[in-house]
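Colleague: Below you will find the structure I want to go over with you.
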Amino acid sequence: MGDTDKAGIGIFGAGWVGLVTGACFAELGHTVVIRDVVPERIESLRAGRVPIHEEGLEQLIERNRDRLSFTLGVGEVAARAELLFVCVGTPPTYSGDADLSAIWTVLDELPAETRATLVMKSTVPVGTGDKVRAALEARGLGHVGYVSNPEFLSEGRALRDFMQPDRVVIGAYAEPDALAVAALYDSLDTELVQTDVHSAEMIKLASNAFLATRISFINEIANVCEVTGADVEEVARGMGLDRRIGSHFLRAGIGYGGSCFPKDVSALKQLAGNSGYHFQLLNSVIEVNELQKRRVVGKLKKHLGHLAGRRVALLGLAYKAGTDDLREASSIVLAARLLAEGAEVVAWDPVARPRDELRGATLAATAREAVAGADAAVIVTEWPELRELVCEEVRAAMRTPLFVDGRNLLDPLAVRAAGFAYEGVGRPTSPFSALPETEEPEPRVRR
Ligand code: UDX
């Protein structure tokens, strides 16, 4: 397909999914117009400033400037594009259902003369395609095609996930629409899953729910390892070599977070419930995850006794390394628990900048500042630079040399050899305690 044949693509929503999708399609040679409702966002994008943190995205947008444009105008997008991608947010409502209001707004704004095909990339409940078609019909836009084309992008490696996908899922009511979307990915070496719209919508939700289930499973295995003396890292290694299991998403830790897993798991559970089916497994996946975030408190108490007046350093706040995203991050729950226990919480993260998510905690400028005078250092996000804290200087600076490693980031032997007590997740506990006899801490003056 020569450049001139490349489809004109319109994108509704200049958020993380919209910008990554738009920039990657431009990189593949397509002409892309991205529309958003927030004037400041369009302004900064036109000025070359990318309002989100994603590895390599700024450079990709810069490199494809000639094929990428940004607008507030719906007409401009609908007029110039054959394929209109919907990449707006579908956050959870209080009931756990997905809030689709931004999608309905897009539909309401579509010009009557729209000829393009609508392509859903936002994560939506199964059955949304039917509802969209009915809404289009009601607006006299029944001729507008509809395709479900879910994204499987993960933060921190989204460009690679787009350009080297394990599969591209396309659910359509009409074959020509499916082929038009499939052609966009022609130059990618991947598997094409062409199916019906309901199944495409379910593939997205089920995939995320299954990955979250794997994490809750390995976290429970880790908890059993703690009471049986096994090492979950060894267990995961042994399990993962089984081709039927595979090694991905078997990292025990402090619970999953982020803008996708918690939302999609509860949306799928809610969807099932709305359709009369009680999805028991997902209930447990959610419950295990919430408990896993709190298990650190028990580990701290095991070493420190009560936590009132203790100073606890939380190292890493983002829901995973490689992003500044705090959505559903375990750090937020943990900080609140510790403050409720009367502890003083000092938090640090290299890029995440909490606004009021960590009210009551103190933010440190460096990890070393956070651990100075601390009774414990808790690793919450697997930032590799935290490994440098395993040294004599930090041991001397801490009031109690104790690491609670919520990500199994550190090497237990090295930590103990450096004179710290160590508590991982699902790892054999320290054969000896570096703790001095626990004397009552001086009462700390609350700042
Ligand atoms: C996820 C999916 O990976 C992606 O396909 C989907 O499109 C969006 O949701 P993301 O939320 O960016 O992407 O992060 P991911 O790397 O999947 O991690 C999700 C959470 O699970 C993080 O909190 C991470 O720390 C945790 N996790 C992941 C584990 O605790 N153990 C693991 O083995 C893997």
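Colleague: Is it the case that some residue within the stretch 82-89 is part of a loop (DSSP other than H, G, I, E, B), free of Cβ contacts under 8 Å to residues at least 40 places away in the same chain and farther than 21 Å from L179 by Cα? Working first, answer last.
Modeller: Of the stretch 82-89, the ones part of a loop (DSSP other than H, G, I, E, B) are 82, 87-89.
Filter once more, keeping what is free of Cβ contacts under 8 Å to residues at least 40 places away in the same chain: none.
No, the stretch 82-89 contains no residue that is part of a loop (DSSP other than H, G, I, E, B), free of Cβ contacts under 8 Å to residues at least 40 places away in the same chain and farther than 21 Å from L179 by Cα.
Colleague: Find the residue count for the stretch 239-277, including only residues that are under 26 Å from D405 (Cβ atoms) and open to solvent by 70 Å² or more (accessible area, probe 1.4 Å).
Modeller: Summing the residues that are under 26 Å from D405 (Cβ atoms) and open to solvent by 70 Å² or more (accessible area, probe 1.4 Å) in the stretch 239-277 gives 5.
Colleague: In the stretch 175-205, how many residues are open to solvent by less than 80 Å² (accessible area, probe 1.4 Å), free of Cβ contacts under 8 Å to residues at least 40 places away in the same chain and assigned to a helix (DSSP H, G or I)?
Modeller: Counting residues in the stretch 175-205 that are open to solvent by less than 80 Å² (accessible area, probe 1.4 Å), free of Cβ contacts under 8 Å to residues at least 40 places away in the same chain and assigned to a helix (DSSP H, G or I) gives 3.
Colleague: Can you find a residue that is within 21 Å of L84 (Cβ to Cβ), out of contact with any helix residue (DSSP H, G or I) (no Cβ under 6 Å at 6 or more places or on another chain) and within 16 Å of the ligand (Cβ to nearest atom) anywhere in the stretch 153-161?
Modeller: no
Colleague: So is R243 more than 25 Å from the chain's Cα centre (by Cα), basic (K, R) and more than 30 Å from T366 (Cα to Cα) or not?
Modeller: It is true that R243 is more than 25 Å from the chain's Cα centre (by Cα), basic (K, R) and more than 30 Å from T366 (Cα to Cα).
Colleague: Please pick out the residue among A172, A212 that is buried (at least 19 other Cβ atoms within 10 Å of the Cβ) and either within 16 Å of the ligand (Cβ to nearest atom) or within 15 Å of the chain's Cα centre (by Cα) (or both). If you could, list the steps in order and put the result at the bottom.
Modeller: Working: A172 fails: either within 16 Å of the ligand (Cβ to nearest atom) or within 15 Å of the chain's Cα centre (by Cα) (or both).
Of the residues listed, the single one that is buried (at least 19 other Cβ atoms within 10 Å of the Cβ) and either within 16 Å of the ligand (Cβ to nearest atom) or within 15 Å of the chain's Cα centre (by Cα) (or both) is A212.
Colleague: Spot the failing condition for G127; the list is (1) open to solvent by 10 Å² or more (accessible area, probe 1.4 Å); (2) of a type outside the set (V, I, T); (3) closer than 15 Å to V144 by Cα, and only one is missed.
Modeller: Tallying (1) open to solvent by 10 Å² or more (accessible area, probe 1.4 Å); (2) of a type outside the set (V, I, T); (3) closer than 15 Å to V144 by Cα, G127 fails exactly one: (3).
Colleague: Out of the helices (runs of 4 or more DSSP H) lying entirely within the stretch 19-81, which hold 2 or more residues that are within 25 Å of Y185 (Cα to Cα)?
Modeller: Values: elements: 39-46, 57-63, 74-80.
Per the criteria, 57-63, 74-80.
Colleague: Still on this structure: Would you check if R251 is of a type in the set (K, R) and either over 26 Å from W16 (Cβ atoms) or assigned to a loop (DSSP other than H, G, I, E, B) (or both)?
Modeller: Judged against the criteria, R251 is a match.
Colleague: Can you pull out every residue in the stretch 281-319 that is assigned to a loop (DSSP other than H, G, I, E, B) and either in contact with a Cys (Cβ under 7 Å, 6 or more places away or on another chain) or surrounded by fewer than 20 Cβ atoms within 10 Å (Cβ to Cβ) (or both)?
Modeller: First, the residues of the stretch 281-319 that are assigned to a loop (DSSP other than H, G, I, E, B): 305-310, 316-319.
Selection gives G305, H306, A308, G309.
Colleague: Within the stretch 234-242, is there a residue that is free of Cβ contacts under 8 Å to residues at least 24 places away in the same chain and not in a helix (DSSP H, G or I)? Write out each step before concluding.
Modeller: Initial filter on the stretch 234-242 (free of Cβ contacts under 8 Å to residues at least 24 places away in the same chain): 234, 236-242.
Right, trim to not in a helix (DSSP H, G or I) and you get 241-242.
Checking the stretch 234-242: at least one residue is free of Cβ contacts under 8 Å to residues at least 24 places away in the same chain and not in a helix (DSSP H, G or I).
The values are calculated or read from the model by the stated rules, or taken from the named source; none is laboratory data. Keep in mind it's a predicted model, so treat the numbers as computed, not measured. All Cβ positions, glycine included, derive from the backbone under ideal geometry; neighbour counts span all protein chains shown. Ligands, DNA and RNA are excluded from the accessible area calculation, which covers all protein heavy atoms including side chains. Shrake-Rupley method; radii C 1.70, N 1.55, O 1.52, S 1.80 Å.
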